[in-house]
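Only one structure is covered here, and it is reproduced in the block below.
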Amino acid sequence: MQTGSHKHAVLVTAADLAPQALDMLTQFDVIFAGKQPTEDDVVALCAAHKPVAIIVRYGKVNARMMDAAENLQVISKHGSGIDVIDQAAAAERGIAVRAAVGANAAAVAEHAWALILACAKSVPQLDARMREGHWDKSTHKSIELEGRTLGLVGLGAIGRRVAAIGVSFGMNVVAFDPYAKEAPAGVKLVSLDELYGESDIVSLHCPLTAENRQMLNRDTLARLKRGAILVNTARGGLIDEEALAGALASGQLRSAGLDSFGVEPMATPHPFQQIPNVILSPHIGGVSDAAYVNMGKGAAGNVLAVLEENARNAV
């Protein structure tokens, strides 16, 4: 990994990385791109430092960046969502793409439940009303979750954690996942149409692909139970945001909790900012104290594994 006194570079598309991850990368010059690096910033750093690896925390990695980093061997995601990496371009150039799968599963599952509960119990709205001097005890009714149906789209590491909590709440839990061979205890595998029709709460836990982009649109939102809750801690591209705004305004959906958006950072002004029954957070579901360390170590470990394998194969 090192030639003489020269250290190869690893570029991180962020301003920091967990100390535990940096400890794994001491044989490299670790270059930080800053808090919100632009495409031009990353291209310039790739051209200047010729990194052998890029650890992707923020933003996207495209062919232009890859071509500027002529020594690049691996692009390692600080998390599980590799849709921000041009995988076809990487494959054409023989560059490995890796994800820190499961490193933030607990954090995202917890945040999904924070949004589910906030939607069902109107937590932000009641807090705002209290601060305005109102006491809505005689008029407010929250949604009780016991006996309701929770529908999970995706049953990977995150979806399974969300499912287990739903089962512990006494909910009927159904899931759609074309890759799941079996379901955990208390969870029933169903078709996507069945899930839409049966669920009081729909929570998304699947990767974004060309096939499922805007899977929740005017047609599918209309097939949900009237008054259902929608939560998305996966990828914003799974939802047609204009159609969702309409479903929230019409009462087709009781509320939505969103942690990811079609364009990030979310454009301002945005229609969602004026919709009282949507709860928003800035894609921080996977950003916890423990996940920060786990994702950093996972990303660094993937870098080391690919570079070591390539070095062995070159001998």
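General observations
- Test: residue in the range 170-181 that is among the acidic types (D, E) and loosely packed, with under 14 Cβ neighbours inside 10 Å: no
- Selection of the range 51-102 for residues being surrounded by 22 or more Cβ atoms within 10 Å (Cβ to Cβ) and over 17 Å from S260 (Cβ atoms) yields P51, A53, I54, I55, V61, M65, A69, L72, V74, I75, S76, A100.
- Qualifying residues in the range 15-30 (those that are among the aliphatic types (A, V, I, L, M) and assigned to a helix (DSSP H, G or I)) - the one surrounded by the most Cβ atoms within 10 Å (Cβ to Cβ): A21
- Residue in the range 73-104 that is nearest to the chain's Cα centre (by Cα), counting only those that are basic (K, R) and under 14 Å from V303 (Cβ atoms): K77
- Within the span defined as the range 76-94, one or more residues are in a strand (DSSP E or B), in contact with a helix residue (DSSP H, G or I) (Cβ under 9 Å, 6 or more places away or on another chain) and either at negative phi or basic (K, R) (or both).
- Of residues in the range 31-50 being surrounded by 15 or more Cβ atoms within 10 Å (Cβ to Cβ) and among the β-branched types (V, I, T), the one farthest from M295 (Cα to Cα): V43
Every residue, every condition in (1) of a type outside the set (D, E); (2) in contact (Cβ under 8 Å) with a residue 12 or more places away in the chain, yes or no:
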| site | (1), (2) |
| --- | --- |
| A91 | yes, no |
| S138 | yes, no |
| E146 | no, yes |
| G154 | yes, yes |
| A164 | yes, yes |
| V167 | yes, yes |
| V174 | yes, yes |
| A180 | yes, yes |
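- Among the residues of the range 242-253, those identified as assigned to a helix (DSSP H, G or I) and either touching a strand residue (DSSP E or B) at 6+ places or on another chain (Cβ under 9 Å) or not assigned by TED's automatic domain parsing to the domain that holds Q125 (or both) are A243, L244, A245, A247, L248.
- Within the range 275-293, the set of residues being under 29 Å from A120 (Cβ atoms), assigned to a helix (DSSP H, G or I) and not charged (D, E, K, R) comprises A290, A291, Y292.
- Among the residues listed as A44, A103, A109, A48, the single one being over 18 Å from A9 (Cα atoms) and in a helix (DSSP H, G or I): A109
- For the range 33-61, a tally of residues being within 23 Å of the chain's Cα centre (by Cα) and more than 25 Å from A311 (Cα to Cα) returns 12.
- Restricted to strands (runs of 3 or more DSSP E) entirely inside the range 185-241, those with at least 1 residues that are in contact (Cβ under 8 Å) with a residue 40 or more places away in the chain and within 30 Å of A88 (Cβ to Cβ) are 201-204.
- A single entry from G170, G237, G197 fulfils the requirement of being of a type outside the set (A, V, I, L, M, F, W, C) and either touching a Lys or Arg at 6+ places or on another chain (Cβ under 6 Å) or outside the structural domain of Q125 (by TED's automatic domain parsing) (or both): G237.
- Residues of the range 80-98 that turn out to be closer than 16 Å to H283 by Cβ, of a type outside the set (S, T, N, Q) and either in contact with a strand residue (DSSP E or B) (Cβ under 7 Å, 6 or more places away or on another chain) or in the same structural domain as T233 (by TED's automatic domain parsing) (or both), as a count: 2
- Close pairs (8 angstrom Cβ cut-off, 6 or more residues apart or separate chains): at positive phi in the range 27-55, in a helix (DSSP H, G or I) anywhere: G34/D41
- Check on A256, under 23 Å from P282 (Cα atoms), buried (at least 23 other Cβ atoms within 10 Å of the Cβ) and either modelled with pLDDT under 95 or not assigned by TED's automatic domain parsing to the domain that holds G59 (or both): yes
- Condition check for V187 on (1) surrounded by fewer than 22 Cβ atoms within 10 Å (Cβ to Cβ); (2) of a type outside the set (S, T, Y); (3) farther than 20 Å from D259 by Cα: one failure, at (1).
The values are calculated or read from the model by the stated rules, or taken from the named source; none is laboratory data. All figures in this text were calculated on a predicted structure; none of them were measured in a lab. Quick reminder, even Gly has a Cβ in these numbers, built from the backbone with ideal geometry, and neighbours come from all protein chains shown.
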